[in-house]
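This report concerns only the one structure given below.
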Amino acid sequence: MENIELISIAAVLIFGSFLAYKSKFFHNKKIGYISFLQIFYLILIPGLLYTIIFSYLLDVLDRPLNDYVFIKDKILISLLLLSILYTYGGLAIHGVAKTVSSYFEKKDRDSLVFKVNEYFHMNFSHNLTFIGGVVTATCFALLELNHFSPYPKESSFLIIILNGCFIGLASVLGLSVYKRRWLELKFFFGSLWLMIIVLIYAVKPYIKNVESYPFTLMLLVAFSILAGLNIFLYVRRIKNKIRINLKVPKDFFE
């Protein structure tokens, strides 16, 4: 199977996984104590994505090296495997904490146990998963850039852009559960900007033929959407602060 097709399948899987989060069916149907959604996230999606990642990785490593290598393959592969481990660790923590939280009653919401579980469910697991995800994707793109591309510039350009949009929008949907709690994701957004800087610096020598590197181009599109979301949230926060600071107190004229 062509690697561009593998990337498309991965993009559809990621987009579908976030759509599944919005489905009451996946939340409510259970096998034992575990919902279909958590089985989907903990078993099906990771298994399929890992197979795609491994297949693509083997193909990239079989290609000859380019003259310019930003970071050596050995280092990137080590970082890639480590970040995959942390990403799945975050998913596992989230799955367990989410499952446990569904069995708390309203009277338990002020207890220390509930608050600790909620911290692991929301703040810790989401940051760990999202940071692991962006580091994994960046390492993958850097590996691709290290090796000769067999694809011409015109190769499935529109499909690659659409894949990037799918993943970017899916990520925005996944982050939307935070609503007014965006500050809890500050570590993720900080990591995102760091990975964007690294990726832009690495892609500079290939900027004229970046279309020949499908995963890298897709990632640039997805990261641009996430960066746009972060800028929008930051600007909105500044506007709200200005509005609050300039607000005239009710008793000003009394």
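Placing unit charges on the Cβ atoms of the charged side chains and taking the dipole of the chain about its Cα centre, the candidate lying farthest along the positive direction among F140, T99, V69 is T99. Expressed as an acute angle from 0 to 90° and rounded to the nearest 10, what is the orientation of the C-alpha long axis of helix 73-101 relative to the principal long axis of the chain? The angle comes out near 30 degrees.
Once the Cα atoms are used to define both axes, helix 214-246 deviates from the longest principal axis of the chain by about 30 degrees. The modelled label-to-label distance for the pair K72/V12, using points 7 Å beyond Cα in the direction of Cβ, is 4.0 nm.
Let's test the formula: R0 of 25 Å, r as the Cβ-Cβ distance of L173 and L82. What FRET efficiency results, to the nearest 0.05? List each step's numbers first, then the result.
Working: r = 27 Å, r/R0 = 1.08.
Once rounded, the FRET efficiency stands at 0.40.
Each Lys and Arg Cβ is given +1 and each Asp and Glu Cβ -1; about its Cα centre, region 3-243 then shows a dipole of about 1360 debye. No solvent, one uniform scatterer per C-alpha: report log10 I(q)/I(0) for the chain via the Debye equation at q = 0.08 1/Å, two decimals. At q = 0.08 Å⁻¹ the computed log10 ratios are -0.38. Our summary gives region 1-81 a relative contact order of 27 percent, counting only alpha carbon pairs under 8 angstrom and 6 or more residues apart.
Classify region 36-92 as rounded, prolate or oblate, taking a ≥ b ≥ c as the square roots of the eigenvalues of its Cα gyration tensor: rounded when a/c is under 1.5, otherwise prolate if a/b is larger than b/c and oblate if not. Here region 36-92 falls in the oblate category. Rounded to the nearest 10 degrees, the inclination of helix 3-21 to the longest alpha-carbon principal axis of the chain is 10 degrees.
Highest GNM mean-square fluctuation among Y206, Y103, Y21, for the chain modelled with Cα contacts below 10 Å: Y103.
In the elastic network of the chain, a GNM with C-alpha springs shorter than 10 Å, the most mobile of L183, L13, L76 is L183.
What is the extension gain from V210 to K29, computed as 0.36 nm multiplied by their sequence separation minus the C-alpha to C-alpha distance, in nm to one decimal?
Details: separation 181, 0.36 × 181 = 65.16 nm, distance 4.41 nm.
Working it through step by step, the gained length comes to 60.7 nm.
Here the Gaussian network model covers the chain, with springs between Cα atoms less than 10 Å apart; of H27, H94, H121, H27 fluctuates the most.
How much length would be gained if the chain were fully extended between V113 and R237, taking 0.36 nm per residue of separation minus their Cα-Cα distance, in nm to one decimal?
Numbers: separation 124, 0.36 × 124 = 44.64 nm, distance 3.16 nm.
Between V113 and R237, full extension yields 41.5 nm more.
Throughout, read-outs are computed from the coordinates displayed, never taken from laboratory work. These numbers were taken from a predicted model, which means no experiment stands behind them. Cβ atoms come from the backbone with ideal geometry, glycine included; neighbour counts cover every protein chain shown.
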